[in-house]
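The values are calculated or read from the model by the stated rules, or taken from the named source; none is laboratory data. Computed from a predicted model, the values in this text were never measured in an experiment. Heads up, the Cβs are rebuilt from the backbone with ideal geometry, glycines too, and the neighbour counts pull from every protein chain shown. With ligands, DNA and RNA removed, areas are computed over all heavy atoms of the protein, side chains included. Shrake-Rupley method; radii C 1.70, N 1.55, O 1.52, S 1.80 Å.
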Amino acid sequence: MSIVRYNSSLLNDYAPVAFSHLIDRFFNESVSRAGGSAYSFVPKVDIVENETAFEISVAAPGMNKEDFKLDVNEKVLTISGERKFTKEKKDNNFRSIETQYGTFGRSFTLPENVNTANISAKYENGILEITLPKDEKKALKATIKVN
């Protein structure tokens, strides 16, 4: 017998607080498992702001740079793509093919001070890095002197 630390967050996954939560979880998980959602997976995203730009890092391993599509429409940045991955194993009397694929999409409302004409992106080592430079003319912060 082993000692396992109690984690109250796990309790909600196995013993719902209310019956309605159980029903919601049943239907939501059933739809997502059956492929009923708009996207198959949602990559993790980090956003960092520095003095000159916003930097967005999207974790999407196993993809190629051609698999991504970036659009800016009325101050909304949409990152979408499709992942295709096949792994095949062959032995004497054994053959296994594992295929992972799916689409994703993430949208972000951009601040007014982003220079959309100079947005750049690169994909390296499974991370899509998007740089959103700030427009120095459109400062969002101002000091107002009271007379």
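Data for the structure
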item: Any hit, the stretch 97-113, residues being in contact with a Phe, Trp or Tyr (Cβ under 6 Å, 6 or more places away or on another chain), outside any loop (DSSP other than H, G, I, E, B), surrounded by fewer than 16 Cβ atoms within 10 Å (Cβ to Cβ) and among the β-branched types (V, I, T); result: yes
item: First in the stretch 65-78 and at positive phi, second anywhere and assigned to a loop (DSSP other than H, G, I, E, B), Cβ under 6 Å, 6 or more apart; result: K75/L110
item: Residues of the stretch 82-96 satisfying the condition of being of a type in the set (S, T, N, Q) and open to solvent by 60 Å² or more (accessible area, probe 1.4 Å); result: T86, N92, N93
item: Residue ID - most open to solvent (accessible area, probe 1.4 Å), chosen from residues in the stretch 47-65 that are of a type in the set (A, V, I, L, M, F, W, C) and part of a strand (DSSP E or B); result: I47
